[in-house]
1. Go through segment 163-211 and give me each residue that's assigned to a loop (DSSP other than H, G, I, E, B) and either surrounded by fewer than 12 Cβ atoms within 10 Å (Cβ to Cβ) or over 31 Å from the mean Cα position of the chain (by Cα) (or both).
2. For segment 130-150, enumerate the residues that are in a helix (DSSP H, G or I) and at pLDDT 95 or above.
3. Of all residues in segment 52-77, which are in contact with a helix residue (DSSP H, G or I) (Cβ under 6 Å, 6 or more places away or on another chain) and farther than 15 Å from LEU129 by Cβ?
4. Consider GLY84 carefully, then state whether it is more than 30 Å from LEU187 (Cα to Cα) and either assigned by TED's automatic domain parsing to the domain that holds ASP195 or in contact with a Pro (Cβ under 6 Å, 6 or more places away or on another chain) (or both).
5. Does PRO79 satisfy the criteria of being free of Cβ contacts under 8 Å to residues at least 40 places away in the same chain and either farther than 20 Å from ALA56 by Cα or in a helix (DSSP H, G or I) (or both)?
6. Report whether or not GLN160 is part of a helix (DSSP H, G or I), in contact with a strand residue (DSSP E or B) (Cβ under 8 Å, 6 or more places away or on another chain) and not acidic (Asp, Glu).
7. Taking segment 26-37, which residues are modelled with pLDDT of 95 or more and surrounded by 13 or more Cβ atoms within 10 Å (Cβ to Cβ)?
8. Is it the case that some residue within segment 58-67 is surrounded by fewer than 16 Cβ atoms within 10 Å (Cβ to Cβ) and assigned by TED's automatic domain parsing to the domain that holds VAL103?
Amino acid sequence: MTECKLNQESFLTVASEALKEQIIEKSRFIGLVRPVKTVADVERHMQEVKEEFPNARHYVYAYRLYQNRLEKSSDDGEPQGTGGRPILDLLQHRQIWDVQIIVVRYFGGILLGTGGLTRAYGGTARLALEQAGIAKLECYAVYRLELSYAWFDQLKYVVQQKGWELGEEAFAEKVSLGIYVPAAQELEFENWLDDFTSKQVAWTKIKYIMK
């Protein structure tokens with residue numbers, strides 16, 4: 001999971017992988033959407049696509065990584081600005097991060113011109129993106145609670161009733177319980193927990209993550 005840089009952040013990403021194909025003037029355009037978080041993910045995705053769709057004329061792509069706000073596009077031999085740029089423009093316009101879109105082209109023998117290429121690559125990417133769907137990731141504070149067994153069931157029940165998310169559990173002399181709380185509600189959670197348990201439950205805020 002991506003750590004938050006600021007504890008109030010949220011961003012949009014793709015909900016799933018997707019593949020969409022269309023034939024334009026005898027050329028086959030295949031749009032593939034993949035969630036990615038690192039440059040290594042990007043490179044691995046490209047290699048997988050080349051193995052799945054070998055011997056294509058072009059593997060045009062664009063990606064945006066939320067960590068370090070990194071983005072890049074490639075025309076892969078098409079005229080400059082006609083392939084990767086329309087895909088990147090689409091991602092920027094939709095404000096989507098942690099995603100790579102590759103559009104594979106098997107050339108059909110008919111030249112499309114710069115305008116035709118821009119529409120073909122951008123349009124194929126848009127269709128694939130629509131199929132993938134959009135998800136919103138929000139910043140959560142991650143807490144680790146140390147509590148007695150007497151508190152365990154009651155605390156779990158009330159936490160769930162309030163809409164907060166339970167995490168990992170570990171059982172030893174005491175119970176260790178993870179809880180995910182939207183960052184905007186962290187002060188509310190901390191005040192509630194201390195009040196509800198009369199400060200009998202020790203807690204630590206570990207980090208912030210996007211989820």
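The values are calculated or read from the model by the stated rules, or taken from the named source; none is laboratory data. Just so we're clear, the structure is a prediction, and the values are computed from it rather than from any experiment. Cβ: placed from backbone, ideal geometry, glycine included. Neighbour counts: every protein chain shown.
1. Correct list: GLY163, ALA172, GLU173, LYS174, THR197, SER198, LYS199, GLN200, VAL201.
2. GLU130, GLN131, ALA132, TYR149
3. If the condition is that a residue be in contact with a helix residue (DSSP H, G or I) (Cβ under 6 Å, 6 or more places away or on another chain) and farther than 15 Å from LEU129 by Cβ, then SER74, ASP75 are the ones that fit.
4. Taking the combined requirement at face value, the residue does not satisfy it.
5. Details: free of Cβ contacts under 8 Å to residues at least 40 places away in the same chain: yes; either farther than 20 Å from ALA56 by Cα or in a helix (DSSP H, G or I) (or both): no.
It is false that PRO79 is free of Cβ contacts under 8 Å to residues at least 40 places away in the same chain and either farther than 20 Å from ALA56 by Cα or in a helix (DSSP H, G or I) (or both).
6. So GLN160 fits the description; yes.
7. If the condition is that a residue be modelled with pLDDT of 95 or more and surrounded by 13 or more Cβ atoms within 10 Å (Cβ to Cβ), then SER27, ARG28, PHE29, ILE30, GLY31, LEU32, VAL33, ARG34, PRO35, VAL36 are the ones that fit.
8. Yes, segment 58-67 contains at least one residue that is surrounded by fewer than 16 Cβ atoms within 10 Å (Cβ to Cβ) and assigned by TED's automatic domain parsing to the domain that holds VAL103.
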